[in-house]
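*Asks:* Dropping a structure here in structure tokens format, bear with me for questions.
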Amino acid sequence: MTKQWKLKEIVLLSILGVVFAVIYLLAFGIGQGLVGALTPFGIGPLGYEFIYGIWFIVSIIAAYIIRKPGAAFISELIAGVVQVLIGSPAGPQLIISAAVQGLGAESAFAVTKWQDYRKRVLILAAVLTAIISFAWHFYSSGFFAYEAWLVGVMLITRIISSILIMALLGKWISDQLAKTGVLRGYALGKEHQQNRDQDAA
Amino acid sequence: MLPMISAINPTVKAIAVLIPGILLGLTFDVFTPLVYLLFIISVTFLLSDLSFKRWIKFFVPFFLFIASFSWARLLYTSETFQDGSVLFSFWAFEVTTGGLLVAVSLALRSLCFIALSLLFIMTTDSTKFMLSLMQQLRLSPKITYGVLAGYRFLPTFKHELEVLRQAHRVRGVGRAKGIRGRIRQFKRYSIPLLANSIRKAERVANAMESKGFTGEHDRTHYHQMTVTKRDWRFLGMMVGALFLAFVASYYFGYLNIFGYQVN
């Protein structure tokens, strides 16, 4: 999958995975807080859903910057593995969740044959990731045992959170990074450079 | 003689923890996860020199978190599990024995996940785990060493954050007020930190290439990770015990797969 990748793209992918693994772990703490606040009403599990998009964000950033098949999937997978290395109590299970989430995002880019990175495709990736990861949690975390309406509300919250945080915030962060000029050697930076040249001409 | 957990090949160990983790998702009865949880805890302490104090420090916070999820399951149990008599009422909620049983079952399942995870992370060296993923699962060396390099950079982030904060202070940028200020502050910290790590990634890649790193699998290793018979024995033990738990559960008439009472 990574045969036609440059080494620096792979190292960037790995380092993004490591950086976001830390952010994912911190988000875990925020999620715990929200869960705690909602527990008295019996809707604790919703706490995570509000910020679920955070755990998908590296897929969008990596895919949007590097623009090669596999970027979304591998970066998310690396973030999962690194969380285990750092010592997330969710343990190796996390690697499966990460793979499922990565596949969700990757499938959206596969639909457009890894050619199209406009906002609408990023949003599609966010929606697919939310749905596919939800299906996995439906099985592994026993959402099956909740009433149907609560499952519905959780799914919708996850989709919205995923669109806002994963797609829109992810794109914004990548564009800001491209503006600093550090991405000159990567696909997104080159696109920004082209746009600037056109504006100047 | 059973092997010590810390000496098990990390990849095999991860698989030995993953398979039961996936299969446990099938059960909705109390008996199966309870038996397996007791098994994991005994394995943890019989086959490693982990101190109970360190283990429990990780385990307890998750207890509270799982309690929250179980409480939700208790109040919003799906109809599949709404059988049995009403135990008690809370506001507009009626808790039935069926609901209570499934909430306890899922709580025990989550405790199994956490016990399995602790078993893994507390006995595994992270570098060796990466090396083993490369040597046993043929993870690309480019990714392996990229991740190890990134992992090595983690401690420097704290220092960089401190430098950024001082740089802001020198230029008279104070703490942010209000939501807009917070957003601007988020940008002021996150973008430079990420930009720095991207620069580092590029420098590391250049350094690797200049030292003749090709990223081919055909290379020598300083740490040779191997899989031996005792690794397979460990895998067999972890998965076999779960099957025994399933069989025992079936034998005693408890087994419940996805709300469907078997036998």
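Quick grid of which residues meet (1) out of contact with any helix residue (DSSP H, G or I) (no Cβ under 8 Å at 6 or more places or on another chain); (2) farther than 19 Å from A:ILE165 by Cβ:
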| position | (1), (2) |
| --- | --- |
| A:GLY70 | no, yes |
| A:ILE74 | no, yes |
| A:GLY87 | no, yes |
| A:PHE109 | no, no |
| A:GLN115 | yes, yes |
| A:LYS119 | no, no |
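*Asks:* Which one is farthest from the other protein chains (Cβ to nearest Cβ), of the residues in the stretch B:125-183 that are touching a Leu at 6+ places or on another chain (Cβ under 8 Å) and without any contact (Cβ under 8 Å) to a residue 12 or more places away in the chain?
*Replies:* Checking each candidate, the answer is B:LEU139.
*Asks:* Here is a follow-up. Taking the stretch B:1-56 as the region of interest, how many residues are part of a helix (DSSP H, G or I) and under 30 Å from B:HIS223 (Cα atoms)?
*Replies:* First pass over the stretch B:1-56, keeping only residues part of a helix (DSSP H, G or I): B:5-7, B:10-26, B:31-46, B:52-56.
Add one more test, that the residue is under 30 Å from B:HIS223 (Cα atoms), and what stays is B:5-7, B:10-21, B:40, B:43-46, B:54-55.
Qualifying residue count for the region: 22.
*Asks:* Now for a different question. Consider A:LYS113 against the criteria (1) at negative phi; (2) surrounded by fewer than 17 Cβ atoms within 10 Å (Cβ to Cβ); (3) not small (Gly, Ala, Ser): it satisfies all of them except one. Which criterion is unmet?
*Replies:* It fails just one condition, (1).
*Asks:* Checking the condition in contact with a helix residue (DSSP H, G or I) (Cβ under 6 Å, 6 or more places away or on another chain), more than 12 Å from chain B (Cβ to nearest Cβ) and hydrophobic (A, V, I, L, M, F, W, C), which residue from A:ILE65, A:ILE15, A:ILE54 passes?
*Replies:* Sole residue among the options that is in contact with a helix residue (DSSP H, G or I) (Cβ under 6 Å, 6 or more places away or on another chain), more than 12 Å from chain B (Cβ to nearest Cβ) and hydrophobic (A, V, I, L, M, F, W, C): A:ILE54.
*Asks:* Let me ask you something else. Of (1) more than 30 Å from B:VAL60 (Cβ to Cβ); (2) at pLDDT 85 or above; (3) not aromatic (Phe, Trp, Tyr), B:GLY172 satisfies all except one. Which?
*Replies:* In the conditions (1) more than 30 Å from B:VAL60 (Cβ to Cβ); (2) at pLDDT 85 or above; (3) not aromatic (Phe, Trp, Tyr), B:GLY172 misses (2) alone.
*Asks:* So for the stretch A:117-136 (the condition being surrounded by fewer than 23 Cβ atoms within 10 Å (Cβ to Cβ), closer than 24 Å to A:LYS8 by Cβ and either free of Cβ contacts under 8 Å to residues at least 60 places away in the same chain or more than 14 Å from chain B (Cβ to nearest Cβ) (or both)), does at least one residue qualify?
*Replies:* Yes, the stretch A:117-136 contains at least one residue that is surrounded by fewer than 23 Cβ atoms within 10 Å (Cβ to Cβ), closer than 24 Å to A:LYS8 by Cβ and either free of Cβ contacts under 8 Å to residues at least 60 places away in the same chain or more than 14 Å from chain B (Cβ to nearest Cβ) (or both).
*Asks:* Does the stretch A:88-102 contain any residue that is free of Cβ contacts under 8 Å to residues at least 24 places away in the same chain, over 18 Å from the mean Cα position of the chain (by Cα) and more than 10 Å from every other protein chain (Cβ to nearest Cβ)?
*Replies:* The answer is no; no qualifying residue exists.
*Asks:* In the stretch B:214-238, how many residues are assigned to a helix (DSSP H, G or I) and either acidic (Asp, Glu) or within 14 Å of another protein chain (Cβ to nearest Cβ) (or both)?
*Replies:* Number of matching residues: 3.
*Asks:* Just checking, does the stretch B:201-213 include any residue being among the charged types (D, E, K, R), exposed (fewer than 14 other Cβ atoms within 10 Å of the Cβ), part of a loop (DSSP other than H, G, I, E, B) and touching a residue at least 40 places away in the same chain (Cβ under 8 Å)?
*Replies:* Let us first name the residues in the stretch B:201-213 that are among the charged types (D, E, K, R), namely B:202-203, B:209, B:211.
Filter once more, keeping what is exposed (fewer than 14 other Cβ atoms within 10 Å of the Cβ): B:203, B:211.
From what's left, part of a loop (DSSP other than H, G, I, E, B): B:211.
If we keep only those that are touching a residue at least 40 places away in the same chain (Cβ under 8 Å) too, we end up with none.
No; the residues of the stretch B:201-213 include none that is among the charged types (D, E, K, R), exposed (fewer than 14 other Cβ atoms within 10 Å of the Cβ), part of a loop (DSSP other than H, G, I, E, B) and touching a residue at least 40 places away in the same chain (Cβ under 8 Å).
*Asks:* How many residues does the stretch A:72-102 contain that are surrounded by fewer than 24 Cβ atoms within 10 Å (Cβ to Cβ) and over 20 Å from B:ILE19 (Cα atoms)?
*Replies:* So the answer is 1.
The values are calculated or read from the model by the stated rules, or taken from the named source; none is laboratory data. Please read these numbers as outputs of a predicted model, since none were measured by experiment. Positions of Cβ are generated from backbone atoms using ideal geometry, with glycine treated the same way; all protein chains shown enter the neighbour counts.
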